[in-house]
Every structure is written in structure tokens, then in C-alpha cells.
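See structure below.
The values are calculated or read from the model by the stated rules, or taken from the named source; none is laboratory data. From a predicted model like this one, the values you see are computed outputs, not experimental measurements. Heads up, the Cβs are rebuilt from the backbone with ideal geometry, glycines too, and the neighbour counts pull from every protein chain shown. All accessible areas refer to the heavy atoms of the entire protein, side chains included, with ligands and DNA or RNA removed. Shrake-Rupley method; radii C 1.70, N 1.55, O 1.52, S 1.80 Å.
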Amino acid sequence: MALLPILLYPDPRLHKVAKPVQAVDARIHRLIEDMLETMYEANGIGLAASQVDVHERLVVLDLSEERNQPLVLINPQILWASEEKHVNEEGCLSVPGIYDGVERAASVRASALDAKGQSQTIEAHGMLAVCIQHEMDHLLGKVFVQYLSPLKRNRIKTKMLKALREDSR
Ligand code: K1U
Ligand code: ZN
């Protein structure tokens, strides 16, 4: 297993659109293991392959208290989203230290392959629904700060670039 470097906003690679996973093979199993290790080490509840510079439709999640119930979504698709919307506080491992409210569907139904390549349907509400939508946005090259006002987004971009410059000194 290996820890993978997480791309930081405003890295342009975060805006690439991911392609479908062609085969759930040994390479994908290794990537799943590495992404789970990376997500747990960063104390995240989700991670999309796009964030580790792999532009294929793969997401890992774990919202359990004990951090022992990983969920793997390969080639996920939203089948249904509720008309009811909620605003939730979101964070992102690619935008560390920034949290803000984003409006999303309160519930979603999604289909995906699991780590064994079997199809699964997930009914998600609350934080799981938020997280699935956030991670699927990553696969489309969208970062949650793009929902914020241009003023907020520019402030975040400036702050992130300043932190990057200071880290490289
Ligand atoms: O995509 C990511 O970078 C992972 C992200 C998932 C996420 C968290 C909260 C709302 C939507 C999506 C994180 O894990 S950020 C860190 C975190 O654990 C967290 C942040 C805010 C609320 C709850 C958890
Ligand atoms: Zn994110």
C-alpha cells in the first residue's frame, strides 16, 4: 500500500473529466487500496481518483465512526436526485482548511460497481448523499469552491497559492 499525493486547488489537473474504468483488475484493486490508505491518513470521509491525478471514474468513501466501513464506487451514476435540497457545510482534502455551505439534493440514488466489479445501488441521505455528490463532481472536474461566489473563490485561490509559495521556500 502507498500514500498518494493529493492535488491541491487551484491545480488545473483537478478540472480534468475522468473516463470510465475499463476493467476492475489488479491495477484498480491496488489503486483502491492506496486511495483508502490516503483518505484515512488525511482524515477524510471521501476521495475521488481525480484528486490523486488518476482521471478514471473511481471514488472511495467511509463515513463510519470506526473508519472500518469503506465504500467503493466504480463508474458511479446518479439514477435519481430528490427535488428537496439542503445546504451543508463541505470541506475538501484538495482545499485544506476551507469549509463553506453548498446546496445539493437532500437524497440521491446511485448505481456503481463495487470493488469486486459487481453492480450495486445505493440509497443515500444526509452526509452520505452530500459526499457522493461532492465526489462525483470531482470526477467531472468540479471542485466545491466553484459553487461559491467569485469573490470567495478568488480569496480561496489567493490563500492557497500563498500557502504553496510559503511551503516551497
Ligand atoms: O473530496 C474530498 O476531498 C473529501 C471530503 C469529503 C467531503 C466532506 C464534507 C462534505 C462533502 C465532502 C473530506 O473528507 S473533507 C474532510 C472531512 O473529513 C470533513 C469536512 C467537513 C465535514 C465533514 C468531514
Ligand atoms: Zn473534495
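For the range 40-67, enumerate the residues that are open to solvent by less than 60 Å² (accessible area, probe 1.4 Å) and of a type in the set (A, V, I, L, M, F, W, C).
Of everything in the range 40-67, those that are open to solvent by less than 60 Å² (accessible area, probe 1.4 Å) and of a type in the set (A, V, I, L, M, F, W, C) turn out to be A42, L47, A48, A49, V52, V54, L58, V59, V60, L61.
With V130, V102 as the choices, which residue is within 16 Å of ligand 2 (Cβ to nearest atom), of a type in the set (V, I, T) and within 30 Å of A26 (Cα to Cα)?
V130
Looking only at the range 94-148, which residues are within 12 Å of ligand 1 (Cβ to nearest atom), small (G, A, S) and in contact with a Leu (Cβ under 6 Å, 6 or more places away or on another chain)?
S94
Could you look through the range 81-96, keep only residues that are outside any strand (DSSP E or B) and within 18 Å of the chain's Cα centre (by Cα), and pick out the one that is farthest from ligand 2 (Cβ to nearest atom)?
P96
Which members of the range 114-169 meet the condition of being part of a helix (DSSP H, G or I), in contact (Cβ under 8 Å) with a residue 12 or more places away in the chain and of a type in the set (V, I, T)?
V130, I132, V145, I156
Restricting the range 36-56 to residues that are near ligand 1 (Cβ under 8 Å from one of its atoms) and either part of a helix (DSSP H, G or I) or without any contact (Cβ under 8 Å) to a residue 40 or more places away in the chain (or both), which is farthest from the chain's Cα centre (by Cα)?
N43
From the residues in the range 9-29 that are of a type in the set (A, V, I, L, M) and open to solvent by 60 Å² or more (accessible area, probe 1.4 Å), which one is nearest to the chain's Cα centre (by Cα)?
Across the range 9-29, the extreme among qualifying residues is V17.
Are any residues in the range 68-104 in contact (Cβ under 8 Å) with a residue 24 or more places away in the chain, open to solvent by 70 Å² or more (accessible area, probe 1.4 Å) and among the charged types (D, E, K, R), and if so, which ones?
E103, the sole residue that qualifies.
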